[in-house]
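Participant: Starting off with a structure, shown below.
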Amino acid sequence: MAAPTLSVPRRIWQTLAAIKTGVILLIVVVVLSAAGTVILQRPATDPDEMTRAYSPQVLRLLDTLGLTDVFHAWWFVLLLSLVSLSIIAASIQRFPNSWRFYSRSYKSPDEAFRRAIPVRALIPVNDHNEEKALSVADRVLQKAGFRPQRIVRENSFSLFGERHRFSQMAVYIVHLSLLLIFTGGTIDALYGWRAFLTLTRGQQSTQVQPQNGKVRDLPFAIRCDGAGQENYADGSPKRWWSDLAVVKNGQVVLRKQIVVNEPLVYGGLRFYQASYGKTGKLDKLLLTATPRNGGPAEELTIGPDETVSLDPYATVRLAEFFPDYALGDGQVYARSNDLQNPAVHLIVQSKAANKAINVWMPPIPGLEQNASSPYSFEGKDVQMAYFTGLEVSHEPGQWAVWAGVVVMGIGLILVFYFVHSRIWVAPARDVHGQLNLWIGGSANKNKDAFEHRFHAIVKQLESELKIFPQAELKKPFLR
């Protein structure tokens, strides 16, 4: 007789509920997640670094496939949804049997059951000591943590004890944890976003622009009050840090120094330390200004386009700064952003001469008017401006992800460290008519460890019954 043909929806359901389907989908998720950590991701990676890492053709292909933003790609959301459906289908299909086994323990061992169970032992007892033997067995099982029950049937009576029956349902706790994690990942993929923000010292921003998205207004301003880099003895970077302040309604509501993996969290947004580097621009310049009429020298600290008063009749403004200057066609230009050959252009405004005087350090022929300035200047120190790169993320599904991680930890502890073990004790006669105390046991995992525990219980029971069999047929056996 031919087997009935399953409908298409039923076949789809059976495929989703299959263990191999769930395993394959989980492996694909893990592989693609690993790819998302190996392949540079936007927007956390600077665009220039992306172009240096990949050729234009490879970068175009990665962008087209969504591999430069794996965790927000449409196919990743679809994959998470399929895994979740597979877990739900497998759980629904197998839960009735699991619940039946959990709620209706097999407590009365009949003769066929006693022959089939692999872990068992026989202890000879006298006909007059049957009740005493069961009482001793009750006490031994109680000490071993099995909490025995007396099972009375019409033609038989026995003892049944078990430990950690709840561990039978631990697999569904793990399933729940995976569903929570995948739900959080799906929410983040659909409604979350990431952006990259660059700030210099003293700069603040109320907007970010996610990759391939429109500009987003923040409900507050994020300000950089300082940034720096700590190096190892060989000069290689040890860590980057940024002093950030959250400004809301004109007031600073939160300050924090962030480093890699220690973000600032406020208003559902996370600000991670992502990069740090030189801007090639000047932050502060320390000068000594000496009057040409022989007055005392004065130290000045001046920033770009900042004007500082020298005396009631003269001011100086920092007009230009070149960290590594060169001359070409009568013009000054910067060869690089490295502080190697600096040049400073100052404009001294003299009220006495009623004109602006161009001062260059060092003097550049054709451009400098240093001799006409009422002050001579000498550079003392240069503080270059640095930028801090912040990765900004909005991840509304993280509560579900972290809840899933906690639930998974609980589930794995139950799965690996709690074993559902059962022991039955019943009086039974062998083929020679000898009355024995039959003991059998089973465990759903860690069977070797359970057999050692079972053997110890049998030995303890023998000791308390004070039975020391001498004939071979009377020795307890463990199979």
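Participant: Does residue 148 satisfy the condition of being within 30 Å of residue 418 (Cα to Cα) and touching an Asp or Glu at 6+ places or on another chain (Cβ under 8 Å)? I'd like the intermediate steps shown before the answer.
Facilitator: Numbers: within 30 Å of residue 418 (Cα to Cα): yes; touching an Asp or Glu at 6+ places or on another chain (Cβ under 8 Å): yes.
Yes, satisfied.
Participant: Hey, any hits in the stretch 442-465 for a residue that's assigned to a strand (DSSP E or B) and in contact with a Lys or Arg (Cβ under 6 Å, 6 or more places away or on another chain)?
Facilitator: Here is the first cut: in the stretch 442-465, the ones assigned to a strand (DSSP E or B) are 442-443.
Then keep just the ones that are in contact with a Lys or Arg (Cβ under 6 Å, 6 or more places away or on another chain); that gives 442.
Among the residues of the stretch 442-465, at least one is assigned to a strand (DSSP E or B) and in contact with a Lys or Arg (Cβ under 6 Å, 6 or more places away or on another chain), which makes the answer yes.
Participant: Right, residue 94: assigned to a helix (DSSP H, G or I) and either within 23 Å of residue 173 (Cα to Cα) or among the hydrophobic types (A, V, I, L, M, F, W, C) (or both) or not?
Facilitator: On the way: assigned to a helix (DSSP H, G or I): yes; either within 23 Å of residue 173 (Cα to Cα) or among the hydrophobic types (A, V, I, L, M, F, W, C) (or both): yes.
Spelling it out, residue 94 is indeed assigned to a helix (DSSP H, G or I) and either within 23 Å of residue 173 (Cα to Cα) or among the hydrophobic types (A, V, I, L, M, F, W, C) (or both).
Participant: Separate question: For the stretch 110-223, please list each of the strands (runs of 3 or more DSSP E) lying entirely inside it that holds at least 3 residues being under 33 Å from the mean Cα position of the chain (by Cα) and buried (at least 18 other Cβ atoms within 10 Å of the Cβ).
Facilitator: Numbers: elements: 119-124, 149-152, 157-163, 193-200, 204-208.
The strands (runs of 3 or more DSSP E) meeting that bar are 193-200.
Participant: Say whether the condition of being closer than 30 Å to residue 92 by Cα, modelled with pLDDT under 85 and surrounded by 11 or more Cβ atoms within 10 Å (Cβ to Cβ) is met by at least one residue in the stretch 49-57. Break it down stepwise before answering.
Facilitator: Start the filter on the stretch 49-57 by keeping residues that are closer than 30 Å to residue 92 by Cα, which leaves none.
No: the stretch 49-57 contains no residue that is closer than 30 Å to residue 92 by Cα, modelled with pLDDT under 85 and surrounded by 11 or more Cβ atoms within 10 Å (Cβ to Cβ).
Yes/no matrix, rows are residues, columns are (1) crowded, with 19+ Cβ neighbours inside 10 Å; (2) under 30 Å from residue 181 (Cα atoms); (3) in contact (Cβ under 8 Å) with a residue 60 or more places away in the chain; (4) in contact with a Phe, Trp or Tyr (Cβ under 9 Å, 6 or more places away or on another chain):
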site: 383; (1), (2), (3), (4): no, no, yes, no
site: 386; (1), (2), (3), (4): yes, no, yes, yes
site: 407; (1), (2), (3), (4): yes, yes, yes, no
site: 415; (1), (2), (3), (4): no, yes, yes, no
site: 425; (1), (2), (3), (4): yes, no, yes, yes
site: 428; (1), (2), (3), (4): no, no, yes, yes
site: 432; (1), (2), (3), (4): no, no, no, no
site: 439; (1), (2), (3), (4): yes, no, yes, yes
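Participant: I've got another one for you. Looking at residue 68, is it among the polar types (S, T, N, Q) and at pLDDT 85 or above?
Facilitator: Working: among the polar types (S, T, N, Q): yes; at pLDDT 85 or above: yes.
Taking the combined requirement at face value, the residue satisfies it.
Participant: Hey, can you tell me all the residues within the stretch 280-328 that are in contact with a Ser or Thr (Cβ under 6 Å, 6 or more places away or on another chain), farther than 20 Å from residue 369 by Cα and not hydrophobic (A, V, I, L, M, F, W, C)?
Facilitator: Listed by number, the residues that qualify are 284, 299, 324.
Participant: Which condition from (1) at pLDDT 90 or above; (2) not in a strand (DSSP E or B) is the one that residue 345 breaks?
Facilitator: All conditions are met except number (2).
Participant: Continuing with this model, one more query. From the list 318, 254, 244, 285, which one is buried (at least 16 other Cβ atoms within 10 Å of the Cβ), in a strand (DSSP E or B), in the same structural domain as residue 197 (by TED's automatic domain parsing) and at pLDDT 90 or above? Break it down stepwise before answering.
Facilitator: Details: 318 fails: in the same structural domain as residue 197 (by TED's automatic domain parsing); 254 fails: buried (at least 16 other Cβ atoms within 10 Å of the Cβ); 285 fails: in the same structural domain as residue 197 (by TED's automatic domain parsing).
Of the residues listed, the single one that is buried (at least 16 other Cβ atoms within 10 Å of the Cβ), in a strand (DSSP E or B), in the same structural domain as residue 197 (by TED's automatic domain parsing) and at pLDDT 90 or above is 244.
Participant: Right, next: If you check 373, 336, which single one turns out to be under 30 Å from residue 273 (Cβ atoms) and either more than 56 Å from the chain's Cα centre (by Cα) or outside the structural domain of residue 218 (by TED's automatic domain parsing) (or both)?
Facilitator: Numbers: 373 fails: under 30 Å from residue 273 (Cβ atoms).
Among 373, 336, only 336 is under 30 Å from residue 273 (Cβ atoms) and either more than 56 Å from the chain's Cα centre (by Cα) or outside the structural domain of residue 218 (by TED's automatic domain parsing) (or both).
The values are calculated or read from the model by the stated rules, or taken from the named source; none is laboratory data. The model shown is predicted, which means the values in this text are computed figures rather than measured ones. Cβ coordinates were reconstructed from backbone atoms using ideal geometry, including for glycine residues, and neighbour counts include every protein chain displayed.
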